[in-house]
């Protein structure tokens, strides 16, 4: 602050009016600068969201988001794979560059990097997701032992996040991570298998999506079921194939569907052709995320492509 001594009141009044006018001009400039900043971010992003697999339910939800937000008019989602998205995210963060990615929780990305979800005022991504277990029709009658164990599977979100952090440390060897988790959680395993006799080599086909969360949970299920005498075949497939294989009876069960938004369309398509055993993880979430150093907080902070 500076202090000035003026001799004439007229000069003070004139200067005051000038400062008021200048202040108004600065406020307008600040507002323009803010708009320019978000516009520049959108331009730097080339009006592009970095997505995951084309067949993922979240990919469809992101496309719907693009179509319903005026701020995303003219934007596009570039899809490839979850691994490619994470590589691009890591590269952008290393260079402190802007990026918007399709994100979900639980996932190690939120433990590894300082990220934030963009607010979704229209609620297109939903408030909260859960991961459910589905089984083919007739599994309860054909393999009641497997059905009982699958029906009991449940993880706390914090447990899942800890396991995913461990997976990162172990180079995503999900078989090893799952085995370590089983070894360290025998009390939980005993609860899941209580009263279930050996299956004596009965074949069981599980399908999972390629996401880290599902790879971990599916491998835990495989180990537990094999310890109870099942001969388990585990196959990783796209979400659409997961539902199709369960509905057709080609596979027996999956612990991978995200509901109600991510895989909701596939769920509705095959509803009535499989049995839903209920949530195995609650508190999950999907949405669009950015590094915390980006000065935007909502999808509506973005600007449409010109």
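Derivation of every value follows stated rules applied to the coordinates shown; laboratory data play no part. Nothing here was measured: the structure is a model prediction, and the numbers come from that model. A quick note on method: Cβ atoms are made from the backbone with ideal geometry, for glycine too, and the neighbour counts reach across all protein chains shown.
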- Query: Relative to the longest principal axis of the chain, what angle (0 to 90°, nearest 10) does the C-alpha long axis of helix 157-169 take?
  - Reply: 90
- Take 276, 301 and order them by how many other Cβ atoms sit within 10 Å, fewest up front. 276, 301
- Say each of residue 43 and residue 197 gets a label point 7 Å from the Cα, pointing the same way as Cα to Cβ; how far apart are those two points in nm? 7.4
- Item | Inter-label distance for residue 113 and residue 270, nm, one decimal - labels placed 7 Å from Cα along Cα-to-Cβ | 3.1
- Message: Just to verify a number: FRET efficiency for residue 172 and residue 63, C-beta to C-beta distance, R0 = 25 Å, to 0.05?
- Response: 0.35
- Item | Relative exposure of 290, 207, 196, judged by other C-beta atoms within 10 Å (fewest first) | 196, 290, 207
- Pairwise label distance in nanometres, residue 236 with residue 180, each label 7 Å out on the Cα-Cβ vector: 1.8
- Classify the stretch 181-228 as rounded, prolate or oblate, taking a ≥ b ≥ c as the square roots of the eigenvalues of its Cα gyration tensor: rounded when a/c is under 1.5, otherwise prolate if a/b is larger than b/c and oblate if not. oblate
- Task: Mind pulling the angle between the C-alpha long axis of helix 239-248 and the longest principal axis of the chain? Nearest 10 degrees, somewhere in 0 to 90.
- Result: 30
- Item | Euclidean distance of C-alpha centroids, the stretch 95-172 and the stretch 230-250, integer Å | 18
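Helix-derived [θ] at 222 nm for the chain: sum -39500 (n - 2.57) over DSSP H runs of at least 4, divide by residue count, nearest 500?
One gets -14500 deg cm²/dmol as the mean residue ellipticity at 222 nm.
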- Query: Computed FRET efficiency, Cβ-Cβ of residue 130 and residue 306, R0 30 Å: what is it to the nearest 0.05?
  - Reply: 0.15
- Query: Taking other Cβ within 10 Å of each residue's Cβ, how do 263, 154 sort, fewest first?
  - Reply: 154, 263
- Query: Can you give the extra length, in nm with one decimal, that the chain gains between residue 148 and residue 84 once fully stretched, where that is 0.36 nm per residue apart less the Cα-Cα distance?
  - Reply: 19.3 nm
- Options [x] 18.0; [y] 15.5; [z] 21.0 - which one matches mean projected area of the Cα convex hull in nm² as calculated here: [z]
- Convex hull per residue volume in Å³, alpha carbons only, for the stretch 129-284: 97
- Which three extents, in whole angstrom, do the alpha-carbon atoms of the stretch 38-120 cover along their principal axes, largest first? 32, 30, 22
- Item | Highest to lowest packing among 292-300, 213-221, scored as the average C-beta count within 10 Å | 213-221, 292-300
